[in-house]
Amino acid sequence: MQNNKTINMTAATKGWFLLITLSVIAIYLPEFVDNRSVTIMGALVIVVLKGQQIVDVFMELNNAPKLWRMLFLSYIVLVPLIITVIYLA
Amino acid sequence: MSNLSITVEVPDKKLPGDLAMWFFILAELTVFAIFFIGFSVSEQLNTEMFSLGKAQLHQTAGLINTIALITSSFFVAIALTKIHKAQAKQAVLLLLTAKAFAIIYISVKIWEYLSLFEQGITIETNTFFTLYFLITAFHLMHVLLGMVILSFIAYSAWQGKYQNNDVSGFEAGTSYWHMVDLLWIILFPLIYVI
């Protein structure tokens, strides 16, 4: 019987494709956006989106107790947020 | 009026792998958070130096490494689905594929270091390169440790140790590998992009 807590290949493949796409967008962001503040915020929003994919799809924390999922999602939001505040200060 | 009842099966919430591994991962993430914040503060104090330093890095190498680590993590995630389906041999092959991508990451990183050394750039060149070498080498050490862990769970899977849905050891190993990926997706834009 297939474990219903396990991610399926489709979700993992979609996650992989999204992660690769976002990584490519991130590296070319400075070439398309002149404003450094916008580049920083854009790159760090991409970090949050990528982090959510890794936490929920690859680490399978979308099926974990809420506290653990929130801990990891907080990390991938808080760290980029602090970095953004430092850069834009 | 007749009563209609619907039974919905709600899966119980379970943390994959061992609790100890998750605490270890949290500790590792905290250490790296300090590095990332320290790097950002130093950049704000030495804007020009960091801008010049980043210009000397090879962005394409950074992108190749990002793709290598994400792809490696993808194969590790698929390996976990196979072990859940009791397909241990396929899981081992997927872990070996994941390790091949990790070797690409390591090769590119070593090439990057050697290229910088050839330009006379070392850990003592300036604050930017001190932090660059410290953070990336520390991350590289985690990649190496992750590869040892992947080898261990691949060997255990080959020996048939993950049976009857007792896969917590395998899950713990894969979770550690995804942490390495998670750290890189913050490290990459911080050092190479912004």
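The values are calculated or read from the model by the stated rules, or taken from the named source; none is laboratory data. Here the structure is a predicted model, which is why all the values come from computation and not from measurement. Here Cβ is always computed from backbone atoms with ideal geometry, including for glycine, and neighbour counts include all displayed protein chains.
Miscellaneous remarks
- Test: residue in segment B:106-127 that is hydroxyl-bearing (Ser, Thr, Tyr) and part of a loop (DSSP other than H, G, I, E, B): yes
- Residue B:150 being under 26 Å from residue B:27 (Cβ atoms), touching a Leu at 6+ places or on another chain (Cβ under 7 Å), of a type outside the set (Asp, Glu) and part of a helix (DSSP H, G or I): yes
- Elements of the type helices (runs of 4 or more DSSP H) sitting completely within chain A and holding at least 2 residues that are small (Gly, Ala, Ser) and within 9 Å of another protein chain (Cβ to nearest Cβ): these cover A:9-32, A:36-53.
- Subset of segment B:148-167 [in contact (Cβ under 8 Å) with a residue 60 or more places away in the chain and in contact with a Phe, Trp or Tyr (Cβ under 9 Å, 6 or more places away or on another chain)]: B:150, B:157, B:162
- Just one of the numbered conditions (1) within 21 Å of residue B:52 (Cβ to Cβ); (2) more than 14 Å from chain A (Cβ to nearest Cβ); (3) part of a helix (DSSP H, G or I) is not true of residue B:145: (1).
- Candidates B:115, B:72, B:168: the one that is at pLDDT 95 or above, within 26 Å of residue B:29 (Cβ to Cβ) and either out of contact with any helix residue (DSSP H, G or I) (no Cβ under 7 Å at 6 or more places or on another chain) or within 14 Å of chain A (Cβ to nearest Cβ) (or both) is B:72.
- Each residue in segment B:77-99 was checked for being free of Cβ contacts under 8 Å to residues at least 12 places away in the same chain and part of a helix (DSSP H, G or I), and 3 pass.
- Subset of segment A:15-35 (residues that are over 22 Å from residue B:65 (Cα atoms) and touching a helix residue (DSSP H, G or I) at 6+ places or on another chain (Cβ under 8 Å)): A:33
- Residue check, residue A:64 touching a Pro at 6+ places or on another chain (Cβ under 9 Å), without any contact (Cβ under 8 Å) to a residue 24 or more places away in the chain and over 23 Å from residue B:187 (Cβ atoms): yes
- Unmet criterion (only one of (1) in contact with a Ser or Thr (Cβ under 8 Å, 6 or more places away or on another chain); (2) more than 10 Å from chain A (Cβ to nearest Cβ); (3) over 19 Å from residue B:98 (Cβ atoms)) for residue B:138: (1)
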